[in-house]
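Asker: Would you mind keeping the following structure in view while I ask a few things?
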Amino acid sequence: AWSVHGIIKSSGHVELIKSLLRKISKIAVELNVYRIPFLWNIQYKQGVWENLQQGRRHKLVRLVESLANEGRIVELCCGEGALICELNPAVYSSYLGSDIWKQAIKEARRRAEFFGLDKCVFETLDMMKWAGEKDIALVILEECIYYLPMNQQKTLLKVAYKSLVLGGNIIVTFH
């Protein structure tokens, strides 16, 4: 861990650093250690995940708005909170966004405040440590569930399913 940090501090080659961090991430997933917070925070600070700041696909925003049913939304692995900032606040009663990235959660809170989104709460949380909640209309797992081994994916989906209101939905996206 210390050597990765040293490389990041001493090198001016951003693309090389991003490439190295992507390789480390791939290895981390293979070793099932992806949830090490320092790795995600380093990657975030170095801009590896800059694409998260870009606008969401209109199709996903429309889907979320159609499924929220003016109920509670939970988005695990919400990153910087880009999705909630694109939703019409009238479509949900409350929103909980969580992510393992401490820096991303700070940015999500800043964005929500900037846009005046007062029905939002953000917390730093590993998705596997989410215990579930009651009466959730929509659980969103965008671009994250594939980081888990199959048995943990099943466990997480069961927790999400048990959290839903009658007629609630789970959205899982990946590419």
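The values are calculated or read from the model by the stated rules, or taken from the named source; none is laboratory data. Treat the numbers as computed from the prediction; the structure is a model and nothing was measured. Heads up, the Cβs are rebuilt from the backbone with ideal geometry, glycines too, and the neighbour counts pull from every protein chain shown. In case anyone asks, the SASA skips ligands and DNA or RNA and just uses the protein heavy atoms, side chains included. Shrake-Rupley method; radii C 1.70, N 1.55, O 1.52, S 1.80 Å.
Asker: Counting only residues that are outside any strand (DSSP E or B), touching a strand residue (DSSP E or B) at 6+ places or on another chain (Cβ under 6 Å) and of a type in the set (Lys, Arg), which one in the stretch 69-121 is least open to solvent (accessible area, probe 1.4 Å)?
Answerer: My answer is Lys119.
Asker: Tell me, please, whether a residue that is part of a loop (DSSP other than H, G, I, E, B) and more than 12 Å from the chain's Cα centre (by Cα) can be found in the stretch 152-170.
Answerer: no
Asker: Okay, next question. Taking the condition of being surrounded by 12 or more Cβ atoms within 10 Å (Cβ to Cβ), in contact with a Ser or Thr (Cβ under 7 Å, 6 or more places away or on another chain) and in a loop (DSSP other than H, G, I, E, B), how many residues in the stretch 122-142 meet it?
Answerer: Matching residues across the stretch 122-142 total 4.
Asker: So Met150 passes all but one of these: (1) open to solvent by 20 Å² or more (accessible area, probe 1.4 Å); (2) touching a Ser or Thr at 6+ places or on another chain (Cβ under 8 Å); (3) more than 21 Å from Glu86 (Cβ to Cβ). Which condition number does it fail?
Answerer: Failed condition: (2).
Asker: Could I ask something else about it? On the given criteria, is Glu65 under 13 Å from the mean Cα position of the chain (by Cα) and either surrounded by fewer than 14 Cβ atoms within 10 Å (Cβ to Cβ) or not in a strand (DSSP E or B) (or both)?
Answerer: Here the answer is no, as Glu65 does not meet what is asked.
Asker: All but one of (1) in contact with a Ser or Thr (Cβ under 9 Å, 6 or more places away or on another chain); (2) of a type outside the set (Gly, Ala, Ser); (3) modelled with pLDDT of 95 or more hold for Arg111, so report the exception by its number.
Answerer: Result: Arg111 passes all but (1).
Asker: Further question on the same structure: Any idea which of (1) among the basic types (Lys, Arg); (2) farther than 20 Å from Phe174 by Cβ; (3) free of Cβ contacts under 8 Å to residues at least 12 places away in the same chain is the one Lys119 doesn't satisfy?
Answerer: If we test Lys119 against (1) among the basic types (Lys, Arg); (2) farther than 20 Å from Phe174 by Cβ; (3) free of Cβ contacts under 8 Å to residues at least 12 places away in the same chain, just (3) comes out false.
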